[in-house]
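What follows is a single structure, written as structure tokens, with notes after it.
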Amino acid sequence: MAKKIAVFASGSGSNFQVIAEQFPVAFVFSDKRDAYVLERAQNLGVMSYAFELKEFENKADYEQAIVELLREHEIDLVVLAGYMKIVSSTLLSAYEGRIINIHPAYLPEFPGAHGIEDAWNAGVSESGVTVHWVDSGVDTGQIIKQVRVPCLADDTIETFEARIHEAEYKLYPEVLERLGVEKK
Ligand code: GRF
């Protein structure tokens, strides 16, 4: 049976776009009602859902609503792509081992929300991109695949960031294929 995926994103959704152009995506979830990813989903004809943590009593209720969506759509793999919330116990216990994330640095180097800026500010000559399983830590789960990305002498943070994103757009589809997600 084909593996069904859902993509979670909080912002622009460029990784979602690359994935959705190559793989069937059952739905997109955003924790921001005004995220640009929702417009991308509409343009690509992908179903989307958006609700915000602040609309719930607590994080457990918020994540329970997410778990219900995942169950309703019989999702096999949750693909985090710029989802800017920590996955907590309600979602993790329901889907542990079935959630992956992409991080714009070569973990365990530069975990956290600013992987690109942190590498840039550290003056590295190379950074990278990592896809990993999600556990209860921040960017600590088992690494599935990672690639190195150089930081060149004449880079600006913008050109460096663009090179990181290009590597992401290649790596995430490769990992999805490796995990048995069928292409369109
Ligand atoms: C990506 O760099 C991803 O690695 C990080 O957040 C960014 C999301 O970008 N976790 P986009 O929303 O896919 O354009």
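A short reminder: the numbers here are calculations on the coordinates, not readings from a lab. It should be emphasised that the depicted structure is a prediction, and the values quoted were computed from it without experimental measurement. Backbone-built Cβ (ideal geometry, glycine too); neighbour counts: all protein chains shown.
Tabulated results
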read-out: Any hit, segment 150-159, residues being farther than 22 Å from Leu77 by Cα, under 21 Å from the mean Cα position of the chain (by Cα), in a helix (DSSP H, G or I) and not basic (Lys, Arg); value: yes
read-out: Members of segment 132-145 found to be of a type outside the set (Val, Ile, Thr) and within 14 Å of the ligand (Cβ to nearest atom), listed by number; value: His132, Asp139, Gly141, Lys145
read-out: Conditions (1) in a loop (DSSP other than H, G, I, E, B); (2) closer than 30 Å to Leu69 by Cβ; (3) away from the ligand (no atom under 11 Å from the Cβ): number failed by Phe110; value: (2)
read-out: Selected residue [closer than 19 Å to Asp76 by Cα and in contact (Cβ under 8 Å) with a residue 24 or more places away in the chain] from Ala41, Ala20; value: Ala20
read-out: Unique residue being more than 16 Å from the ligand (Cβ to nearest atom), within 26 Å of His165 (Cβ to Cβ) and not charged (D, E, K, R) when the list is Tyr49, Tyr95, Tyr83, Tyr62; value: Tyr49
read-out: So Glu117, is it closer than 20 Å to Lys170 by Cβ, outside any strand (DSSP E or B) and over 15 Å from the mean Cα position of the chain (by Cα); value: no
read-out: Near pairs, Cβ below 7 angstrom, 6+ apart or cross-chain, from segment 116-144 (free of Cβ contacts under 8 Å to residues at least 12 places away in the same chain) to any residue that is of a type in the set (Phe, Trp, Tyr); value: Gln142/Trp133
read-out: Of the criteria (1) away from the ligand (no atom under 12 Å from the Cβ); (2) under 30 Å from Ser89 (Cβ atoms); (3) among the β-branched types (Val, Ile, Thr), which one Val129 fails; value: (1)
read-out: Some residue of segment 128-146 being over 18 Å from the mean Cα position of the chain (by Cα) and either hydrophobic (A, V, I, L, M, F, W, C) or in a loop (DSSP other than H, G, I, E, B) (or both); value: no
